[in-house]
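First the structure, in the form of structure tokens, and then the observations on it.
Nothing in this text is a laboratory measurement; each read-out follows from the coordinates by a stated rule. Remember, it's a predicted structure, so these values are computed and weren't measured experimentally. Here the Cβ positions follow ideal geometry from the backbone for every residue, glycine too, while neighbour counts run over all protein chains shown.
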Amino acid sequence: MAEKPKRLNLNQKYQLMTRGLDWETTYQSMDEVFPYDRYEGIKIKDWDKWQDPFRLTMDAYWKYQAEKERKLYAILDSVAQNNSQLNISDGRYMNAVKIWMQGVTPLEYAAFRGFAMLGRGFRGAGARVACQFQSIDEMRHYQTQVHAFSHYNKYFNGFNQYSRIRDRAWYLSIPKSYFEDAVSAGPFELITAISFSFEYVLTNLLFMPFVSGAAYNGDMATTTFGFSAQSDESRHMTLGLEIIKFMLEQHEDNLPIVQEWLDKWFWRGYRLLGLVGTMMDYMLPKKVMSWRQAWEIYWEDNGMALFNDLARYGLRPPKHHEAATKEKYRITHEFWSTIYQFSHATALYTWIPTTEELDWLSAEYGELFDTVYRPRYEYWQELHEKGERFFQKRLPVVCNVCQIPIFHTMPDDPLMNCCLVSEYKGTKHQMCSQGCLDIFNREPEKYCQAYIPPQQIYQGNCGGASLEDYRKWLHIKDEETGEYYGSEDHVMWEQWQAQAAKPTGVAPAS
Amino acid sequence: MAVKFIGDSYDFPCANRQENYGGDMNIYIVWDHHLIYCAPNTYRLPPNMKFRDFLEQVFAPDYFQHPDVEKVDWEKGVWQMENQPWQPDFDKTFAENGIAHNSFIRVATPGLEGLHGVGN
Ligand SMILES: [Fe+2]
Ligand SMILES: [Fe+2]
Ligand SMILES: [Zn+2]
């Protein structure tokens, strides 16, 4: 008599469908099959000790993601059909979405590639499987974002060249170089950089401002993909924490290596987030919270609590976090001042905040804002009203590590640019901070190769040295850049507002 | 600490080495306490340019929207090179002044502390 086949329980199924498919190679040595997971110096005694942070099999993954996809695309269709672009808080808001599309969406794609490498790179099957899922997640994030933003691209400037300018525009070399630094490291550093330092430690400072910012500002498309990505992100965060614990539990020699990576990637992540903080403080007409407040909650409280927890593994908080905290009163104003004066070379519009917005910034930032940045903005506003909109015509010095123009000031002197120098192979390199200088000095062989936009422009590799030539090389039109007020986006937005204000007409006689 | 790598060597030229400038050089300079211009400026210039010509014909005009530029006397400036005290000779060239490729120069002008006297 045939017995009824038994069903596997979830755990058995997971074991058989993931680790059960793995084997110890014999025709070739394991070292040759997995050539990359030892050279960084991380010692793993027993990959079987890897605790799978989430037990997911491929069939469950597909089913679950397909369900989410159906809902997401249904909402994106209704966004398009209902002309949801009319519901955003203000035309200026769209620049926050442009920053995302130009700066962050390509990182999703880069993450897909990075995690595909990790999904092949580790010799432990548990870690490989987790990375393969994340790789597919990141590809999906990239696709859904492009799909969501494609609706806005029908109306607003600044979207259509996103993939070209990702490789060419000076301000997008900030996120680009961040990720390329990570994927050109070994697999353990890559996963520490992205899964732990970024997705676990700093994620709330990225995700919260954008997704809540979108919700506050009536942007259904961004809000919807944000929520759809959220369950993936919680898996990514768990992976980040697991990899740190795993490395530290496996061998005591791993601690100093991991600590150096955390020092480096905290600072790189923090520098990158300056761009996000600036978006929060300046590009959201309806504010979620200020960068200062977000930093206090998500780093000073939550981040430090996390590092207190990790102290039992011997880890200390990352180097230079005190300097980051000192900068919380100035970093976004310095960054906005920079984008404002260089926005003629971006696919973004910039503006001076309204009086109400300046009052909000004063309340959030206090004395330093009132003595330095507010009068600065008022001066630029006066120039603008005289028809002399302030733009910087000369190229800035850019940090050789974070690739941000060196607008940064000294930790204890917010009125003095901080520009530190390190010489390597007879060439001097400039850095924005002690944090970036340490990163350079640790691996000068790597950072001396950095593609720094102003240097490349002067070397003649970017279409020419004039602004017009450079813009042409970026494929950005003059009308897509510079001042918001009077721009094509602004004019269109005003027309929409005027149409909405008109009475809908007299009802036809019956 | 040095970079860890796979293979026999890891050796690449610096991306901003002087030979990429066809005889010119890349220099960096900032006028402290004039932060409406957010960052130090960068230039591609020949080493035989006279320092005074650079200041008067190239550098000062870059600050044309700053009211202090009308009042500035560079000879009264307090100068630094690579963040160390340094005194240029205004009638000598970059090269004669020891200004090399990728040098970083800063100048403060006591009495001219930017707009509103707060470094703007
Ligand atoms: Fe993602
Ligand atoms: Fe992620
Ligand atoms: Zn930097």
If neighbour count is taken as other Cβ atoms inside 10 Å, put A:Phe407, B:Phe5 in order from fewest to most.
B:Phe5, A:Phe407
Please list A:163-170, A:348-355, A:70-77 highest first by mean number of surrounding beta-carbon atoms within 10 Å per residue.
A:348-355, A:163-170, A:70-77
Along region B:59-73, Karplus-curve 3J(HN,Hα) (6.51, -1.76, 1.60; θ = phi - 60°) to the nearest Hz, with x for Gly and Pro, reads 6, 4, x, 5, 9, 5, 8, 10, x, 5, 5, 5, 9, 6, 10
Ranked from fewest to most other Cβ atoms within 10 Å of their own Cβ, A:His384, B:His101, A:His408 fall in the order A:His384, B:His101, A:His408
Any lysines with Cα under 24 Å of the A:Lys6 Cα? List them, leaving off those in the same chain fewer than 8 positions away.
A:Lys63
Would you list which aspartates and glutamates come within 13 Å of B:Lys50, measuring only between C-alpha atoms, while excluding same-chain residues fewer than 8 positions from it?
B:Asp89, B:Asp91, B:Glu96
Can you give the mean number of other chain Cβ atoms that lie within 10 Å of the Cβ atoms in peptide A:454-461?
6
Would you mind getting me the FRET efficiency between A:Leu86 and A:Asn461? Use the beta-carbon distance for r and R0 = 45 Å, nearest 0.05.
0.60
Two-site label geometry, B:Trp79 and A:Tyr424: point separation in nm, points 7 Å out along Cα→Cβ:
3.0 nm
Would you mind classifying region A:318-475 by shape? Square roots of the alpha carbon gyration tensor eigenvalues, ordered a ≥ b ≥ c; an a/c under 1.5 is rounded, otherwise it is prolate if a/b is larger than b/c and oblate if not.
oblate
Set of aspartates and glutamates near A:Lys477 by C-alpha distance (under 14 Å), chain-local residues within fewer than 8 positions excluded
A:Glu468, A:Asp469, A:Glu488, A:Asp489
Convex hull over the alpha-carbon atoms of region A:246-319: what's its volume per residue in Å³?
88 Å³
Name the residue farthest towards the positive end of the dipole of the protein assembly as shown from the options B:Phe51, A:Tyr451, B:Met25, assuming +1 on Cβ of Lys and Arg, -1 on Cβ of Asp and Glu, about the Cα centre.
A:Tyr451
Subtract the Cα-Cα distance of A:Lys502 and A:Glu468 from 0.36 nm times their separation in residues, and report this length gain in nm to one decimal.
8.2 nm
Cross-link table A:Lys319/A:Lys428; A:Lys393/A:Lys472; A:Lys154/A:Lys502; A:Lys264/B:Lys4; A:Lys45/A:Lys245, entries beyond 19 Å C-alpha to C-alpha:
A:Lys319/A:Lys428; A:Lys154/A:Lys502
Express the C-alpha Rg of chain A as a ratio against the empirical globular expectation 2.2 N^0.38 Å, rounded to two decimals.
1.05
Rounded to the nearest 20 Debye, what is the dipole magnitude of region A:12-501 about its Cα centre when Lys and Arg each give +1 and Asp and Glu each give -1 at the C-beta?
860 debye
For A:Met431, A:Met237, which order do you get if you count the other beta carbons within 10 Å of each Cβ and list the fewest first?
A:Met237, A:Met431
In sequence order, calculated HN-Hα J values of region A:258-272 (Karplus, 6.51, -1.76, 1.60; Hz; x Gly/Pro)
4, 4, 4, 5, 5, 4, 5, 7, 5, 5, 4, x, 4, 4, 4
Inter-part gap, Cα centre of region B:36-56 to Cα centre of region A:166-203, in whole angstrom, is 34 Å
On a full-extension model of 0.36 nm per residue, what is the gain between A:Glu3 and A:Asp309, subtracting their alpha-carbon distance, rounded to one decimal in nm?
105.0 nm
Quantify how strongly other chains surround peptide A:375-383 by giving the mean number of their Cβ atoms within 10 Å of each of its Cβ atoms.
3
If the elastic network links every pair of Cα atoms under 10 Å, which of B:Pro46, B:Pro67, B:Pro88 fluctuates the most in the Gaussian network model of chain B?
B:Pro67
Hey, how many Å between the Cα centroid of region A:383-458 and the Cα centroid of region A:243-319?
23 Å
Per-residue average of Cβ from other chains inside 10 Å of B:12-23:
6
How much of the DSSP beta bridge set in chain A is antiparallel, as a percent to the nearest 5?
80 percent
Compute the Cα gyration tensor for region B:27-117, then decide on rounded, prolate or oblate, letting a ≥ b ≥ c be the square roots of its eigenvalues: rounded whenever a/c is under 1.5, prolate when a/b is larger than b/c in the other cases, and oblate in all that remain.
prolate
